[in-house]
Structure formats: structure tokens, C-alpha cells
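A quick write-up on the structure given underneath.
The values are calculated or read from the model by the stated rules, or taken from the named source; none is laboratory data. These figures come from a predicted structure and were not determined experimentally. All Cβ positions, glycine included, derive from the backbone under ideal geometry; neighbour counts span all protein chains shown.
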Amino acid sequence: MIDQPQIELTPPDISAYRHGNTGIDYVTTLDSGQPGPHAVINALVHGNELCGAIAIDALFHMGVRPRRGRLTLCLANVAAYQAFDPKAPYASRFMEEDFNRLWTAEVLDSRRDTIDLQRARQLRPLYDGADVLLDLHSMTNDGEPLILSGRTERARTLARALGHPAWIVADSGHAAGRRLIDYDRFAGEPGSPTAILVECGQHWRAETAVVAVEASLRFLLALGMVDPDLAAPHLRPRHGVPRVVVVSDAVTAETDTFTFAAPFHGLESLAAGTLIATDGDRRVVAPYDGCILIMPARRVRQGQTAVRLGRVED
Ligand SMILES: [Zn+2]
């Protein structure tokens, strides 16, 4: 893996969005005046994932208006975004702790105090009032974009309705803390509020921002909330039917010498017994045929998740 990736994207100036109309900085709600869901398009949960800011900026510039319900455009961890430095692009994922590991009442109500948690608390009322949420992210892997649908069937259905990205990964999040899409409001059963996360591509590739804009419009189309003529110029012909990969295992590094057997980008399909990695004396092999690698980590230290494994659902 290269340590100095090329930065093809330019972080947009978001200062014009600071004073929105919601009383929360960098949050703007557009109201159709018609009945319908409250949809949220959320960007910058991770400050160095530029594609989401580019998508929100593009939606404002194209004059997007909801045809029904309300649409909120949210720039989440703005402090981390403003710390982005192309010379150290991995450093501004968050300020003090990962904004996407905070989403339980226990953590949000705790006495812990970090810049990221303060911002999470500011945004909590917004998410508490959302019926459907699209969380725009990007990834280290230079592979195909994918949708993380978490644990619920309703999120899987929404992910399929987008049509692209075609890879849908049904997973249960991270042991290190709860993601926003796994927040009780969205992942509780029974319930109807629904959230999906799109990994639009490698963090700083130009194509990743194209996918982020398109995913935002596909999300609004799936909800019947955007004029199809407004969206059409931004939709690419996309091939491949949506496929759901259900996560079966997480591979945790037992040593600091965990090394992948090949430069995997993720979504490779391996035959049973194929060597995935060596970890000290341990050989990590694919446990079954059609084993899909999900988001292999760039650097792995002992105790961390190196890669997750899954199988395509029939
Ligand atoms: Zn992210």
C-alpha cells in the first residue's frame, strides 16, 4: 500500500452552509410543504472523506428541492474536515475520537467530553427526527463502491432500491463502538426509521465524488423526493444487479505482523482454503467457497479487525 496517496479531490468551501435554517451549524432543512418522510443526507462523519462535502455542495448548487416531505443536508464533523491536510490526509478522520463509534444513548449521555462527541450531541436531535438517512463515506481501499446496510431488512430493501452501488454488505458494525447507522432509532426492531451507509470509493479519487452525488440522487429518487429530470444528468449507466453479502466472520489480528497474502482491494471472491493472510505463525484462509473479502484494513495492529468475510445471499 502506498503511504502518500494522490489527492484528486479538492475540499469545497462550505462556509456558506454554516448558518443554515435549523439552529444547528452546517445543517439545512428544505421543506416541500407536502406530507412525506424526513430524509437526511449526511456527510463528513469522517473529516477526511471529502466526497460527502462535494455531494452536499453539488446538491445545493443544482437547487435540489424535495417534492414531498423534508430533506435535510448535514455536514457532520466539520472541525475534522477543516483540519484536512492533503500532506497528511489520513490524520483528519476525526479530532479526538471516531464520530462513528458514539451512537448509543450510553455514550451520548455520558460525562465523556471530546470535540467529536460535542458535535454528535449537537446533531442528535436531527437524527432523532429523521425517518431515513443516507450516510456518505469513502474508504481506504481502492475498490468498488458498496453500501453497508447494517442489520435490518428495511435498510437492505432501501439499499437495493438505490440500484448502485450494487454491492450491499449486511453487517453488524464494530466492537469498538456503535455507528450512526446502528443507532437504536435506525437499527432497533421493530421500527421504521432506516439508515444506510455508502462507501463511495477510495477517499480521494475523482470518481468517488461522482458516486457520492449519484448515490444521493438515487436515494432521493428511491424515496420519490426528487424531480427525475433534475437527477438524470448525474446518473451513469450502471451494470450489475444488487448483490447482498452477509458478513459471517471478522478476522482479528493476533500479532503486529499480520500481512495480507496479496494486495486485496476488497470484494474478491476466494475459494475455500485460499490464503488470505499470515498472522505470526497462523495462516488465515478462506473458510468456504465464494468467500468475499470486505474492506481489508490498510494497516493492522494486534487486536484490530483486519478484514471481514461474507457470502453472497441467494
Ligand atoms: Zn467513513
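To keep it simple, each residue is scored yes or no on (1) modelled with pLDDT of 95 or more; (2) at negative phi; (3) touching a Lys or Arg at 6+ places or on another chain (Cβ under 8 Å).
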{"residue": "Cys74", "(1), (2), (3)": "yes, yes, no"}
{"residue": "Asn77", "(1), (2), (3)": "yes, yes, yes"}
{"residue": "Gln82", "(1), (2), (3)": "yes, yes, no"}
{"residue": "Arg93", "(1), (2), (3)": "yes, yes, no"}
{"residue": "Glu97", "(1), (2), (3)": "yes, yes, no"}
{"residue": "Ile147", "(1), (2), (3)": "yes, yes, no"}
{"residue": "Arg151", "(1), (2), (3)": "no, yes, no"}
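Here is a yes/no grid of residues against (1) of a type in the set (D, E, K, R); (2) more than 16 Å from the ligand (Cβ to nearest atom):
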{"position": "Leu162", "(1), (2)": "no, yes"}
{"position": "Thr208", "(1), (2)": "no, no"}
{"position": "Phe219", "(1), (2)": "no, yes"}
{"position": "Arg236", "(1), (2)": "yes, yes"}
{"position": "Pro242", "(1), (2)": "no, yes"}
{"position": "Val247", "(1), (2)": "no, yes"}
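Considering (1) farther than 21 Å from Gly63 by Cα; (2) among the hydrophobic types (A, V, I, L, M, F, W, C); (3) out of contact with any Gly (no Cβ under 9 Å at 6 or more places or on another chain), the lone condition that Ala231 does not fulfil carries the number (1).
Within the stretch 195-253, the set of residues being more than 16 Å from the chain's Cα centre (by Cα), among the basic types (Lys, Arg) and in a loop (DSSP other than H, G, I, E, B) comprises Arg236, Arg238. Among residues of the stretch 176-190 being touching a residue at least 24 places away in the same chain (Cβ under 8 Å) and assigned to a loop (DSSP other than H, G, I, E, B), the one that is farthest from the ligand (Cβ to nearest atom) is Glu189. State whether the residues of the stretch 230-246 include one that is under 23 Å from Arg65 (Cα atoms) and crowded, with 23+ Cβ neighbours inside 10 Å. For the stretch 230-246, residues under 23 Å from Arg65 (Cα atoms) and crowded, with 23+ Cβ neighbours inside 10 Å: absent. Can you report the number of residues in the stretch 137-154 which are out of contact with any Leu (no Cβ under 8 Å at 6 or more places or on another chain) and either hydrophobic (A, V, I, L, M, F, W, C) or assigned to a loop (DSSP other than H, G, I, E, B) (or both)? Adding up the residues that qualify gives 7. Considering the stretch 84-108, the residues that are among the basic types (Lys, Arg) and surrounded by 17 or more Cβ atoms within 10 Å (Cβ to Cβ) include one that is nearest to the ligand (Cβ to nearest atom), namely Arg93.
So for the stretch 56-68 (the condition being in contact (Cβ under 8 Å) with a residue 40 or more places away in the chain, crowded, with 19+ Cβ neighbours inside 10 Å, in the same structural domain as Thr140 (by TED's automatic domain parsing) and within 16 Å of the ligand (Cβ to nearest atom)), does at least one residue qualify? Yes, the stretch 56-68 contains a residue that is in contact (Cβ under 8 Å) with a residue 40 or more places away in the chain, crowded, with 19+ Cβ neighbours inside 10 Å, in the same structural domain as Thr140 (by TED's automatic domain parsing) and within 16 Å of the ligand (Cβ to nearest atom). When the criteria are applied in full, Gln118 fails the requirement of being in contact (Cβ under 8 Å) with a residue 60 or more places away in the chain, over 24 Å from Val211 (Cβ atoms) and in a helix (DSSP H, G or I). For the structure I just gave you, tell me whether Phe264 is of a type in the set (Phe, Trp, Tyr) and either in a helix (DSSP H, G or I) or free of Cβ contacts under 8 Å to residues at least 24 places away in the same chain (or both). Criteria not met by Phe264.
The residue that is farthest from Ile115 (Cα to Cα), counting only those in the stretch 39-55 that are among the small types (Gly, Ala, Ser) and within 14 Å of the ligand (Cβ to nearest atom), is Ala55. Within the stretch 145-160, being more than 16 Å from the ligand (Cβ to nearest atom) and closer than 22 Å to Val211 by Cβ holds for Ala155, Arg156, Thr157, Leu158, Ala159, Arg160. Looking only at the stretch 146-156, decide whether some residue is out of contact with any strand residue (DSSP E or B) (no Cβ under 8 Å at 6 or more places or on another chain) and within 23 Å of Gly266 (Cβ to Cβ). No, every residue in the stretch 146-156 fails to be out of contact with any strand residue (DSSP E or B) (no Cβ under 8 Å at 6 or more places or on another chain) and within 23 Å of Gly266 (Cβ to Cβ). On inspection, Thr29 does not qualify as away from the ligand (no atom under 16 Å from the Cβ), β-branched (Val, Ile, Thr) and buried (at least 20 other Cβ atoms within 10 Å of the Cβ).
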